[in-house]
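Report on one structure; see the data block that follows.
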Amino acid sequence: MSTDDTNQVDALKTETEPFVASKLGSKDHWDNVYGREINNFKDNGDIGEVWFGEAAATKMVSWVCANIEDEDARILDVGCGNGHLLLELAEEHYTNLVGTDYSAQAVELARSIALSREASITYMEQNFLDLQEVACVAGDEKFDVVLDKGTYDAICLKPKDSDDVSVDQSAINIYPMSVVGSLKDTGVFLITSCNWTEDELVSRFEPYLECIGRVKNKSFQFGGVVGQTVATVAFKKRT
């Protein structure tokens with residue numbers, strides 16, 4: 001890790017931990033979830049839950065279609081779950097799609113669904129908090145686009161220890177470095193979150209990434225303040 005990277009991580013560490021750790025941040029939880037969904041898919045063909053719903057996924061797909069003209073662009077979906085997002089991109093004729101998840105059950109489910117739909121998508125296990133694994137998956141070519149729909153949210157809820165209610169701040173700090181390590185110099189990162197506002201996402205990734213766009217999602221009003229149920233923000237690597 002370079003001196004600049006170390007300084008950026010230290011800067012992130014000064015932030016207060018905003019959440020209490022949750023089972024949503026644990027690998028065991030997602031292994032169990034996708035284990036059940038594998039059985040559901042085998043029994044009745046149900047691909048399972050679309051995280052944040054169809055509307056949020058559609059917004060992300062629409063953004064990619066509007067901004068990434070090359071249908072052979074190398075696209076990575078981090079924490080792909082059942083692979084729904086990449087299936088939608090395959091329908092839009094994108095051909096170089098990779099999905100990763102740290103849950104072997106999620107990868108098994110995604111592969112089964114893609115096979116049933118004759119979709120050519122590569123799925124593999126990956127610990128996105130292991131920079132060596134990140135480099136291995138990215139390869140020398142790296143990715144034109146990295147997508148995240150809820151994975152950063154789960155990482156922000158990851159427990160520091162198995163029985164600890166405090167979040168694993170080191171995991172939160174490593175995540176943006178993994179995004180940068182996965183992207184080409186001209187690559188873009190598109191993230192959807194339900195835990196963070198647009199401005200919070202911009203602030204948290206600012207040391208590494210520059211905001212290039214925001215996607216309007218379903219809004220609500222409370223106490224005279226207008227907000228969005230989820231936030232979707234696009235970034236590029238800083239030069």
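Per-structure values
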| quantity | calculated |
| --- | --- |
| Top-ranked residue of region 55-78 - restricted to ones that are charged (D, E, K, R) and farther than 19 Å from I121 by Cβ, ranked as surrounded by the most Cβ atoms within 10 Å (Cβ to Cβ) | K59 |
| Hits in region 122-136 - residues which are surrounded by 21 or more Cβ atoms within 10 Å (Cβ to Cβ) and either touching a His at 6+ places or on another chain (Cβ under 8 Å) or not in a strand (DSSP E or B) (or both) | Q126, F128, V134 |
| Selected residue (only one of A56, A119, A66 is at pLDDT 85 or above, farther than 30 Å from D161 by Cα, in a loop (DSSP other than H, G, I, E, B) and of a type outside the set (D, E, K, R)) | A119 |
| Residues of region 183-205 satisfying the condition of being farther than 15 Å from V145 by Cβ, charged (D, E, K, R) and in contact with a strand residue (DSSP E or B) (Cβ under 9 Å, 6 or more places away or on another chain) | E198, D199, E200 |
| Candidate set: region 185-206, residues that are in contact (Cβ under 8 Å) with a residue 60 or more places away in the chain and either small (G, A, S) or part of a strand (DSSP E or B) (or both); chosen: the one farthest from K236 (Cα to Cα) | T192 |
| Whichever residue in region 151-170 is crowded, with 18+ Cβ neighbours inside 10 Å and either aliphatic (A, V, I, L, M) or closer than 18 Å to P207 by Cα (or both) and, among such residues, is nearest to the chain's Cα centre (by Cα) | Y152 |
| Complete set of residues in region 142-159 that are modelled with pLDDT under 95 and assigned to a loop (DSSP other than H, G, I, E, B) | G150, C156, L157, K158 |
| Members of region 196-229 found to be modelled with pLDDT under 90 and either buried (at least 17 other Cβ atoms within 10 Å of the Cβ) or touching a Lys or Arg at 6+ places or on another chain (Cβ under 6 Å) (or both), listed by number | N217, T229 |
| Complete set of residues in region 88-112 that are in contact (Cβ under 8 Å) with a residue 40 or more places away in the chain and within 27 Å of E69 (Cβ to Cβ) | V98 |
| Matching residues in region 145-180 - criterion: being small (G, A, S) and closer than 11 Å to S22 by Cα | A154, S162, S166 |
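The values are calculated or read from the model by the stated rules, or taken from the named source; none is laboratory data. The shown structure was predicted, so the numbers you read here are calculated from the model rather than taken from an experiment. Cβ coordinates were reconstructed from backbone atoms using ideal geometry, including for glycine residues, and neighbour counts include every protein chain displayed.
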